[in-house]
């Protein structure tokens, strides 16, 4: 039974250093206990598409929040790639993860939270999802979409899930990205739990 009505607002919550982070928050209106999800934006910023993803999660019965990862830096023009890339690369990983951990804390503090929170990220947000899944002590699940490895290959999000569940990930992995789409690598698979632990140590 999905919620019949949701409420969506721009809010602010404290990061770990006390900085107030802008975020888009959507939740079911009906009383209940709901799981939470942190939706991690792409490099373009907190654009309407990401807000729509947040609302769709709320419509499925989640407390959903998308932090503005550029709260301190200011949002770039999403149509100007030079601005997008400059802003994206100006955000330190430690700052980003602290801001995301703050979002987890915020969701778990809500009176209608069931105290379970996952994260889902897209493109550069997928990379943050992997790091958050390895670093955070508060995150309960992580799904990383199209994270780019240093090798240039893109993998779907099974690494952090595999680590948490103690089983090898067997999903087919795409290869290098060409024309905006991952290309398949015959016989390839997602990182095993051993590889995931190695990634965690590296991070």
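The values are calculated or read from the model by the stated rules, or taken from the named source; none is laboratory data. Please read these numbers as outputs of a predicted model, since none were measured by experiment. Counting neighbours? That spans all protein chains shown, and the Cβs are built from the backbone with ideal geometry, glycine included.
Give region 5-27 a look and list any residue that's touching a residue at least 60 places away in the same chain (Cβ under 8 Å), buried (at least 18 other Cβ atoms within 10 Å of the Cβ) and either over 15 Å from the mean Cα position of the chain (by Cα) or part of a loop (DSSP other than H, G, I, E, B) (or both), or say none.
Correct list: 13, 15, 21, 27.
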Q: Kindly indicate which of 70, 62 is surrounded by 14 or more Cβ atoms within 10 Å (Cβ to Cβ) and at pLDDT 95 or above.
A: 62
Q.
Being surrounded by 13 or more Cβ atoms within 10 Å (Cβ to Cβ) and over 24 Å from residue 141 (Cβ atoms) is the filter here; which residues of region 28-45 pass it?
A. 44, 45
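Can you pull out every residue in region 68-84 that is touching a residue at least 24 places away in the same chain (Cβ under 8 Å) and part of a helix (DSSP H, G or I)?
Answer for region 68-84, where residues must be touching a residue at least 24 places away in the same chain (Cβ under 8 Å) and part of a helix (DSSP H, G or I): just 84.
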**Q.** Pairs where the first residue, in region 85-98, is assigned to a helix (DSSP H, G or I) and the second is surrounded by fewer than 13 Cβ atoms within 10 Å (Cβ to Cβ) and at pLDDT 90 or above, C-beta under 7 Å, 6+ apart
**A.** 98/17
Q: Restricting attention to region 117-142, report how many residues are over 24 Å from residue 49 (Cβ atoms) and either assigned to a loop (DSSP other than H, G, I, E, B) or modelled with pLDDT of 95 or more (or both).
A: 4
Q: Out of the residues in region 73-87 that are surrounded by fewer than 20 Cβ atoms within 10 Å (Cβ to Cβ) and touching a helix residue (DSSP H, G or I) at 6+ places or on another chain (Cβ under 9 Å), state the one that is nearest to residue 15 (Cα to Cα).
A: 73
Q. Given (1) surrounded by fewer than 18 Cβ atoms within 10 Å (Cβ to Cβ); (2) in contact with a strand residue (DSSP E or B) (Cβ under 9 Å, 6 or more places away or on another chain); (3) more than 20 Å from residue 142 (Cα to Cα), where does residue 48 come up short, assuming only one miss?
A. (2)
**Q.** Conditions (1) over 18 Å from the mean Cα position of the chain (by Cα); (2) over 20 Å from residue 145 (Cβ atoms); (3) modelled with pLDDT under 95: number failed by residue 114
**A.** (3)
